[in-house]
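Notes for the one structure printed next.
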Amino acid sequence: MTVHSPAHANAKMTMETEVLALRRRLAKAHRILTAGGIWPLTKGHVSARIPGTEKVLILGHIHSEGRSLIDTDVDDIVTVDIDGKWLEGRIEPVDERFLHLEIMKARPEVTSIVHAHPTYATAFGIAGVNILPVGNRGGIFAPQVPILDFDRQIDTPERGQMARDAIGDSVALVLKNHGVAVCGDSIENATIATFALEETAQLHWIAAQVGPVQKISTGEVRSVLTGARKEEFYSHVWGHYAQLDPWHERKSSRRGGSGSAGGGAPPQQ
Ligand SMILES: [Zn+2]
């Protein structure tokens, strides 16, 4: 017999509140990536693990409703298990969920993944050239961004495993003639790293027009990955990206405004 104690009910409530908060952050990430132009035709998706479970939140197939991701809301986020089975939500999950799930299975530290089709990063995959760590935002991609030499949709577990093998322990992967997958230890960090990847690819391309491309130094890479620069790389820039959200409320004035701007540091996942 199951005993429903008040403590049990409280724990369930807490879990539901936590999951709702995650869904809100995930919906927001979709709006921000759309507003930032990171997925032409607004196609792409972001996922997040539900902590302490084998479940993952991911976008529902709202593209089939002719919707733009600029209006992604909590109802558009659905729950799947780690093998891709649709558990909850009003619309079936995106077909390419296996790209997210197979990488998450192999890498416990990855709690969120962005799949997008940004122009410059994707172009490197088409040319078969690895994006190098260059510029202020490239350090996290050292020594280089791997490329998966396969141009079909990642819509089966087997294809997800190919992506998992190709990305190894890198932050990002370029899918040839398709797009990218970018990992993070929070929804916000995966979002930030996706913008950083596209900025790095642009910078690499521009530098290559001028002369030989030189990577940033090993010492700089180390400080971005492990030192105080890591904070600088991630949470210090979230406010910049958060204000891209069309639902972002602005303060009415710098002093004494009554609005509640949502551009502060992201809650940690
Ligand atoms: Zn895709």
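The values are calculated or read from the model by the stated rules, or taken from the named source; none is laboratory data. The structure displayed is predicted, hence computed values, not measured ones. Heads up, the Cβs are rebuilt from the backbone with ideal geometry, glycines too, and the neighbour counts pull from every protein chain shown.
Among the numbered criteria (1) under 27 Å from Ala201 (Cα atoms); (2) within 16 Å of the ligand (Cβ to nearest atom), which single criterion is violated by Pro93? Single failed check for Pro93: (1). Candidates Asp81, Asp71: the one that is over 27 Å from Glu199 (Cα atoms) and either of a type in the set (D, E, K, R) or touching a His at 6+ places or on another chain (Cβ under 8 Å) (or both) is Asp81. Filtering the stretch 229-249 to residues that are of a type in the set (A, V, I, L, M) and under 15 Å from Arg25 (Cα atoms) leaves Ala242, Leu244. When residues in the stretch 145-157 are screened for being touching a residue at least 40 places away in the same chain (Cβ under 8 Å) and either closer than 22 Å to Ala193 by Cβ or not in a loop (DSSP other than H, G, I, E, B) (or both), 3 of them pass. For the stretch 136-145, the condition of being under 20 Å from Pro40 (Cα atoms), of a type in the set (A, V, I, L, M, F, W, C) and touching a strand residue (DSSP E or B) at 6+ places or on another chain (Cβ under 6 Å) holds for none of the residues. Just to be sure, is Glu198 within 16 Å of the ligand (Cβ to nearest atom) and either in contact (Cβ under 8 Å) with a residue 60 or more places away in the chain or of a type in the set (Val, Ile, Thr) (or both)? So Glu198 fits the description; yes. Residue count for the stretch 124-144 under the criterion of being more than 15 Å from the ligand (Cβ to nearest atom), surrounded by fewer than 19 Cβ atoms within 10 Å (Cβ to Cβ) and in a helix (DSSP H, G or I): the result is 1. Being among the acidic types (Asp, Glu) and buried (at least 17 other Cβ atoms within 10 Å of the Cβ) is the filter here; which residues of the stretch 32-83 pass it? Correct list: Asp76 only.
Here is the figure for the stretch 163-196: residues that are part of a helix (DSSP H, G or I) and crowded, with 20+ Cβ neighbours inside 10 Å total 13. In this structure, Leu99 does satisfy being of a type outside the set (Phe, Trp, Tyr), within 16 Å of the ligand (Cβ to nearest atom), at pLDDT 95 or above and buried (at least 22 other Cβ atoms within 10 Å of the Cβ).
If you filter the stretch 165-182 down to residues that are within 12 Å of the ligand (Cβ to nearest atom) and among the small types (Gly, Ala, Ser), you find that the one that is nearest to Phe141 (Cα to Cα) is Ala181.
Taken over the stretch 111-123, the residue count meeting the criterion of being touching a residue at least 60 places away in the same chain (Cβ under 8 Å) and not in a loop (DSSP other than H, G, I, E, B) is 9. Arg164 satisfies every condition listed in (1) under 15 Å from the mean Cα position of the chain (by Cα); (2) under 20 Å from Ala48 (Cβ atoms) except (1). If you check Gly37, Gly66 for being out of contact with any Pro (no Cβ under 9 Å at 6 or more places or on another chain) and either within 21 Å of Pro246 (Cβ to Cβ) or within 14 Å of the ligand (Cβ to nearest atom) (or both), only one passes: Gly66.
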